[in-house]
């Protein structure tokens, strides 16, 4: 009998979570600490670095206390974070020099537009698109606007990188300085071909290589965590969405994967040598000394965040309690052109203005927002399926997947079976699967949604596609 346990630290926008899994993928412990995210004028979204670090240190103490004698069974740990969040800190003291600048933050959009990067060249080098959500333009902003950062730079004491790399230095016994390739990619400075920082991109953003941590595989020896005096190897570091795609086990070529939370992300396993479909991203989701896995990915910036934003504008409180029912009962549902957080794949229009087309009640409008997420995913899904082996099903996870109406609309429009895992902690479970060595008996139980003939939702989708083509001047 395998009695091994695996610890995952999952740091997010609202909380830091510590989860312990057994060798079958069962959650045996889940602890959390709230962490605030501040939304500030000028498209700024921040967290306080000290608060994030404190939350994780407290969780490590609590995990050791709760496990007690079972602490001996803990084999290794993983750290997963939001992929495009960034921090600057002092090399010698470890003190943060900037806020945690969230992945949702686009304060440096004007700078990015000014340097006029070639989207095709960027896609070839990084697998991504020029986008102010990514770390490079944020790092440049910090260097130009935060005196402590520029002073540390002048003194050769500056370190900058994804949130994961800062947390690594703060919570490991060795104060390790490194970044995994999954998070490194989201800086827009990482070369997808050589797996390291790209000199051309560093030059374009006027960033010196020495301020960035060295890049490691996502599965590497990152140092040790201290849990009650026991050294637990931190053996995996990755982005949250990257790990989430493994929440139900190994990636399968006949499946599409959707994780719908604050944002929504759709992915399909992709050959290492093939470019992503036009307008989509090619994302490294896992890398070890023996294996390198990519997906083609579409991103929807405004999923639950769009529902939160519009519900606040409409004055609707506690909408999650009622949205599932409204999906069944609301008949007058307008269209919503969703640019919350910037319009993502495949349009990439950061300044797109969200709007409703048609009238409806507050409940009807929130259903329209939910449908807009489904519609945006469908556009990306269509591109992913072109000229590929047949896809037979979609695996969905994340908070929005708990709404039946979300899953059923996805099934009806795609004509595919939708499998809902029922696992709300997809990110942590995926990280545990990778930590455990990708076991073949990783248990997953699915609820199934089969396509139904629904002409109403198909007609709304057709109308929405036309409205988006008119609004973006880009047919899809």
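With 98, 85 as the choices, which residue is in contact (Cβ under 8 Å) with a residue 40 or more places away in the chain and within 21 Å of residue 282 (Cα to Cα)? Of the residues listed, the single one that is in contact (Cβ under 8 Å) with a residue 40 or more places away in the chain and within 21 Å of residue 282 (Cα to Cα) is 85. Checking the condition crowded, with 20+ Cβ neighbours inside 10 Å and either in a loop (DSSP other than H, G, I, E, B) or in contact with a strand residue (DSSP E or B) (Cβ under 8 Å, 6 or more places away or on another chain) (or both), which residue from 272, 276 passes? Every option except 276 fails the conditions. Scanning segment 47-67 turns up no residue that is assigned to a strand (DSSP E or B), over 23 Å from the mean Cα position of the chain (by Cα), surrounded by 14 or more Cβ atoms within 10 Å (Cβ to Cβ) and at pLDDT 95 or above.
Would you check if residue 168 is in the same structural domain as residue 98 (by TED's automatic domain parsing), surrounded by 23 or more Cβ atoms within 10 Å (Cβ to Cβ), touching a residue at least 60 places away in the same chain (Cβ under 8 Å) and part of a loop (DSSP other than H, G, I, E, B)? Spelling it out, it is not the case that residue 168 is in the same structural domain as residue 98 (by TED's automatic domain parsing), surrounded by 23 or more Cβ atoms within 10 Å (Cβ to Cβ), touching a residue at least 60 places away in the same chain (Cβ under 8 Å) and part of a loop (DSSP other than H, G, I, E, B). In summary, residue 379 fulfils each of the numbered conditions (1) closer than 29 Å to residue 246 by Cα; (2) modelled with pLDDT under 95 with the single exception of condition (2). Residue count for segment 106-120 under the criterion of being part of a loop (DSSP other than H, G, I, E, B) and within 13 Å of residue 141 (Cα to Cα): the result is 3. Taking segment 171-209 as the range and being farther than 23 Å from residue 79 by Cα and not in a helix (DSSP H, G or I) as the test, the residues that pass are 193, 194, 198, 205, 206, 207, 208. The set of residues from segment 367-380 being in contact with a helix residue (DSSP H, G or I) (Cβ under 6 Å, 6 or more places away or on another chain) and within 18 Å of residue 297 (Cβ to Cβ) comprises 374, 375, 378. Among the residues of this structure, residue 93 does not count as one that is assigned by TED's automatic domain parsing to the domain that holds residue 17, in a strand (DSSP E or B) and surrounded by fewer than 20 Cβ atoms within 10 Å (Cβ to Cβ).
Restricting segment 1-21 to residues that are modelled with pLDDT under 95 and over 18 Å from the mean Cα position of the chain (by Cα), which is surrounded by the most Cβ atoms within 10 Å (Cβ to Cβ)? That would be 2.
Results for (1) within 20 Å of the chain's Cα centre (by Cα); (2) surrounded by fewer than 20 Cβ atoms within 10 Å (Cβ to Cβ); (3) free of Cβ contacts under 8 Å to residues at least 12 places away in the same chain; (4) assigned to a strand (DSSP E or B), shown as yes or no for each residue.
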| site | (1), (2), (3), (4) |
| --- | --- |
| 390 | no, yes, no, no |
| 406 | yes, no, no, no |
| 411 | no, no, no, no |
| 422 | yes, yes, no, no |
| 431 | yes, no, no, no |
| 441 | no, yes, no, no |
| 444 | no, yes, no, no |
| 463 | no, yes, no, no |
| 474 | no, yes, no, no |
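Rundown of residues vs (1) more than 19 Å from residue 97 (Cβ to Cβ); (2) surrounded by 22 or more Cβ atoms within 10 Å (Cβ to Cβ); (3) in contact (Cβ under 8 Å) with a residue 12 or more places away in the chain, yes/no style:
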site	(1), (2), (3)
126	yes, yes, yes
153	no, no, yes
164	no, yes, yes
175	no, no, yes
181	yes, yes, yes
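The rows are residues; the columns are (1) modelled with pLDDT of 95 or more; (2) assigned by TED's automatic domain parsing to the domain that holds residue 38; (3) part of a loop (DSSP other than H, G, I, E, B).
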| position | (1), (2), (3) |
| --- | --- |
| 104 | no, yes, yes |
| 122 | yes, yes, no |
| 128 | yes, yes, yes |
| 131 | no, yes, yes |
| 136 | yes, yes, no |
| 139 | yes, yes, no |
| 142 | yes, yes, no |
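The values are calculated or read from the model by the stated rules, or taken from the named source; none is laboratory data. Just so it is clear, the structure is predicted and the values come from calculations on it, not from any experiment. Cβ: placed from backbone, ideal geometry, glycine included. Neighbour counts: every protein chain shown.
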